[in-house]
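**Q** Handing you a structure now.
The values are calculated or read from the model by the stated rules, or taken from the named source; none is laboratory data. Source: prediction; values computed, not measured. Positions of Cβ are generated from backbone atoms using ideal geometry, with glycine treated the same way; all protein chains shown enter the neighbour counts.
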Ligand code: C5P
């Protein structure tokens, strides 16, 4: 993060009550290191977990905790503070705070600032898994998402209360990356890494004018390539036919068929990360006609041959990179995706439910990320944001592996 260009963004970090409040200290430090100006506002209950003085020390500014503080209001009053903020990030966001924001309450300084500000708001929820799963919290989440609030996490895993499930706050480094991605000051955390991404659908010829294809637009793979390049990676994008522009700083190779895609991937001997975002045709026509086929009988049969699995080929390499794959499923998402992840030897699978106007050929998607011992739900968002979160998750898994060595 220290390699980031200074961002000069004015970020208001809100801290609400929860054991994860101590992790917000790291978040503030990362944002300050990246050149942001950070002011911290804590709820009354947050001050029971971490002393305001701690945040004052890392942010370099006094911390505000109450709405009706005559002394503080004589400096930068709460309306001025609301106008000052270019981004509001609340981490941790407790169930209570989410409920108050959803209801539009203004019963303390933090909720008042959210009402009084036009700045984009990002929330990193943190709570007991039962509280997160409760229909009341889920309804509040939906209201906030509809209003344009962006949710970061929560993650699933073991919780401070001893339970396991979704509700754990996203790691502060990942929150910082997501926040900084919005400031235009990209973190260069992927510098020095070689990444290969396959994207789009393949076209399997039937004759010189006809082919078998699918609805993949390539948007997810292009977004991943763009985001990784922005973060400093050396990116090769191997794309099936797509009208999308080549992202800045990305080396692009255009291919038509699965066989061409496989050859292009195989030609790259060393890579740190492989992302199979392409919708590769499972079958190709056994013997494509050399001339345009003429109409003949009422029915026609095409013989299809199974295509090679490109991702599997990479996962089977002796010196294999970290492998990320995708799975589009119409039913039993978690079960099918986890089975696929294991069968193909992926380190991380990004699963999405097809249908519900999400997935193929749409700007938005919702993903479920699964890896050994971890899971992250990424609610509906544009593919650029999702790409950033997939790469954050990759970084997190790498760091955890490194730390456990
Ligand atoms: O088995 P399924 O096609 O659902 O697996 C999807 C994942 O495998 C995707 O990441 C896709 O890019 C990759 N894949 C591949 N080559 C194939 C089929 C799928 O790389 N022939």
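**Q** If you take the residues in the range 341-354 that are more than 16 Å from residue 216 (Cβ to Cβ) and surrounded by 18 or more Cβ atoms within 10 Å (Cβ to Cβ), which one is farthest from the ligand (Cβ to nearest atom)?
**A** First pass over the range 341-354, keeping only residues more than 16 Å from residue 216 (Cβ to Cβ): 341-349.
Those still in the list that are surrounded by 18 or more Cβ atoms within 10 Å (Cβ to Cβ) too: 341, 344, 346-349.
On the way: 341: 10, 344: 6, 346: 8, 347: 12, 348: 10, 349: 8 Å.
Ranking the qualifying residues of the range 341-354, first place goes to 347.
**Q** Quick check, is residue 331 part of a loop (DSSP other than H, G, I, E, B) and at pLDDT below 95? Explain how you work it out, then say what you get.
**A** Details: part of a loop (DSSP other than H, G, I, E, B): yes; at pLDDT below 95: yes.
So residue 331 fits the description; yes.
**Q** Another question, if that's okay. Working only within the range 11-29, note down all residues that are part of a helix (DSSP H, G or I) and surrounded by fewer than 24 Cβ atoms within 10 Å (Cβ to Cβ). Outline the logic, then answer.
**A** From the range 11-29, those part of a helix (DSSP H, G or I) are 19-29; that's our starting set.
19, 22, 23, 25, 26, 29 - these are the residues of the range 11-29 that are part of a helix (DSSP H, G or I) and surrounded by fewer than 24 Cβ atoms within 10 Å (Cβ to Cβ).
**Q** Do we have residue 326 as buried (at least 17 other Cβ atoms within 10 Å of the Cβ), in the same structural domain as residue 242 (by TED's automatic domain parsing) and more than 13 Å from the ligand (Cβ to nearest atom) here? Please lay out each step first, then the result.
**A** Details: buried (at least 17 other Cβ atoms within 10 Å of the Cβ): yes; in the same structural domain as residue 242 (by TED's automatic domain parsing): yes; more than 13 Å from the ligand (Cβ to nearest atom): no.
No, not satisfied.
**Q** Please specify each residue of the range 30-43 satisfying the condition of being assigned to a loop (DSSP other than H, G, I, E, B) and over 18 Å from residue 81 (Cα atoms). Break it down into steps so the answer makes sense when it comes.
**A** Kept after step one, since they are assigned to a loop (DSSP other than H, G, I, E, B), are these residues of the range 30-43: 34-36, 43.
If the condition is that a residue be assigned to a loop (DSSP other than H, G, I, E, B) and over 18 Å from residue 81 (Cα atoms), then 34, 35 are the ones that fit.
**Q** Right, another one. If you go through the range 140-147 one residue at a time, do you hit one that is under 25 Å from residue 384 (Cα atoms), under 13 Å from the mean Cα position of the chain (by Cα) and modelled with pLDDT under 85?
**A** No, because not a single residue in the range 140-147 is under 25 Å from residue 384 (Cα atoms), under 13 Å from the mean Cα position of the chain (by Cα) and modelled with pLDDT under 85.
**Q** Something else about it: Return only the number of the condition from (1) within 13 Å of the ligand (Cβ to nearest atom); (2) within 19 Å of residue 374 (Cα to Cα) that residue 335 does not satisfy.
**A** All conditions pass for residue 335, except number (1).
**Q** Right, another one. Hey, can you tell me all the residues within the range 251-271 that are near the ligand (Cβ under 9 Å from one of its atoms) and touching a strand residue (DSSP E or B) at 6+ places or on another chain (Cβ under 8 Å)? First the steps, then the outcome.
**A** Of the range 251-271, the ones near the ligand (Cβ under 9 Å from one of its atoms) are 258, 261-262, 265.
Hits for the range 251-271 are 258, 261, 265.
**Q** Restricting to the range 272-286, count the residues that are part of a loop (DSSP other than H, G, I, E, B) and away from the ligand (no atom under 14 Å from the Cβ).
**A** Of the range 272-286, the ones part of a loop (DSSP other than H, G, I, E, B) are 272, 277-278, 280-282, 286.
Okay, now just the ones that are also away from the ligand (no atom under 14 Å from the Cβ), so 272, 286.
Residues in the range 272-286 being part of a loop (DSSP other than H, G, I, E, B) and away from the ligand (no atom under 14 Å from the Cβ): 2 in total.
**Q** Here's another thing I want to ask about it. Considering only residues that are in contact with a strand residue (DSSP E or B) (Cβ under 6 Å, 6 or more places away or on another chain) and part of a loop (DSSP other than H, G, I, E, B), look in the range 287-317 and name the one that is nearest to the ligand (Cβ to nearest atom).
**A** 307
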